[in-house]
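The values are calculated or read from the model by the stated rules, or taken from the named source; none is laboratory data. Everything numeric here is computed off the predicted structure, so don't read it as measured data. Every residue, glycine among them, receives a Cβ derived from its backbone with ideal geometry; neighbour counts consider all protein chains shown. Just the protein is used for accessible areas: all its heavy atoms, side chains included, with ligands, DNA and RNA removed. Shrake-Rupley method; radii C 1.70, N 1.55, O 1.52, S 1.80 Å.
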Amino acid sequence: MSFPEPGQLAVDNVRSLSPYVPGKPIEELERELGIRGVIKLASNENPFGPSPRALAAMHATLSDAWLYPDGSGHQLKHKLAAKLGVTVEQITLGNGSNDLLVLLAEAFLKPGLEAVYSRYAFAVYPIAVQAAGATGVVADALPPDSPMPLGHDLAAMKRAITPRTRIVFIANPNNPTGTYVPATALRRFIAEVPATSLVVLDEAYFEYAGGLDIQDGIRWLAEFPNLVVLRTFSKAYGLAGLRVGYAVSHPSVAGMLNRVRQPFNVSSIALAGAVAALEDDAHVSAAVSVAVAERVRVAARLRAMGTMSLPSAGNFLLLHAGPQAMNLFDALLRAAIIVRPVGNYALPEYLRVTLGTVEQNDRFLSAWQKILIA
Ligand code: PMP
């Protein structure tokens, strides 16, 4: 008698899922090629790392690691509420903002319901939606020759909304494209989404807006009760390894997320690090100003080499590498530089490059130049 592999007992919507493809870890490449000094510009991390204050606070809390964390995240929520001008009841903490995407899908979706997102939007949206057994509805993105190539097409997204739509995901700025939605158009869109659907505005890269026309969605919460804004400590705060993010929403939405949330979804070390990180605005703004200046400089240098990149409001650039993209990616690996292929986003001709320090970006640019003429 033959038995199916036990994994095949998983539910259909999970068996047919394509898993998330993470950036290649530095240690893996160093092991594979037997080299040192690899730089990773593949996961939109902040090369300046955590604030020294966050590091000290995390060290100080290590000896309490035998205790469960404060499951209500009291201190961090109070600090965030004061900083953002919202109430504590509006905040939900997550194990990264990714956790909140999953919790939102779990709480608001089920088979028969739909979620709308743009083509080329962040890869976790379809995963969370499908895992919840719901249907993802993909709205076509703006065409490559538009001023915001491959960006969210709000008109197409609006047309995709039906009475079955419970969540509309918008990443502003979006990953992997870096594109963004201007404030006035976004406000108009949110105002037109029926009250039967949440608008999840994912602002993971919000801090990098750098003078571009990007609205702080939290300011709109009072006006739009169905709006949920997501933020993270993984990017501008340089704490991706800690896994802390948060949602700001109507208190009733936070109440539902709290029902499905693991009681201790954010670790004590992460809570301590995030609280201290909020006290070091200078650290965040220093990292952000380098990224904002570098995205202009690196894009211009690439353009001069004949490589076009999309307009970006994030700490990364999506560049058009052409049909040879994977060969160029491999050549960069051999030059000890890890960037991110985005074939899993159906963008096989593009590579996503995180903006590192000026020195790291220079290393990438000179490797790129050599590879292009090789
Ligand atoms: N949203 C977007 C648009 C992202 O790019 C990412 C990280 N790549 C996340 C959410 C999740 O980040 P985290 O879980 O680290 O907060």
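Laid out as a table, the results:
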| read-out | value |
| --- | --- |
| With at most 16 other Cβ atoms within 10 Å, longest stretch of the chain clear of loop trypsin sites (Lys or Arg not before Pro) (DSSP) | 165-374 |
| Carbon + sulfur, % of accessible area of region 270-327 - ligands and nucleic acids excluded, 1.4 Å | 63 |
| Proximal lysine pairs, region 52-277, alpha carbons under 25 Å, eight or more residues apart or interchain | 4 |
| Charge sum, other residues only, whose C-beta stays under 11 Å from Trp368's C-beta, Lys/Arg counted +1 and Asp/Glu -1 | +2 |
| Binned Cα-Cα distances of region 211-298, short to long, each 10 Å bin given as a whole percent | 14, 36, 36, 13, 1 |
| Contact order relative to length of region 238-372, as percent, for alpha carbon pairs under 8 angstrom and 6 or more apart | 19 |
| Value at 222 nm in deg cm²/dmol, rounded to 500, when DSSP H runs of n ≥ 4 in the chain each add -39,500 (n - 2.57) | -11500 deg cm²/dmol |
| Percent of beta bridges antiparallel (DSSP, the chain, rounded to nearest 5) | 45 |
| Listed residues Ala65, Ala123, Ala254, most fluctuating in the chain (Gaussian network, C-alpha, under 10 Å) | Ala65 |
| Counting all C-alpha pairs of region 1-125, share separated by more than 17 Å (%) | 79 |
| The chain: relative contact order as a whole-number percent, Cα under 8 Å and 6+ apart | 23 |
| Formal net charge of residues neighbouring Glu30 (Cβ-Cβ distance under 11 Å; K, R +1; D, E -1) | +1 |
| Cα gyration tensor category, rounded, prolate or oblate, for the chain with a/c compared to 1.5 | rounded |
| Accessible surface, the chain, averaged per residue in Å² (probe 1.4 Å) | 44 |
| Whole-Å distance, taken between Cα centres, linking region 131-159 and region 355-374 | 32 |
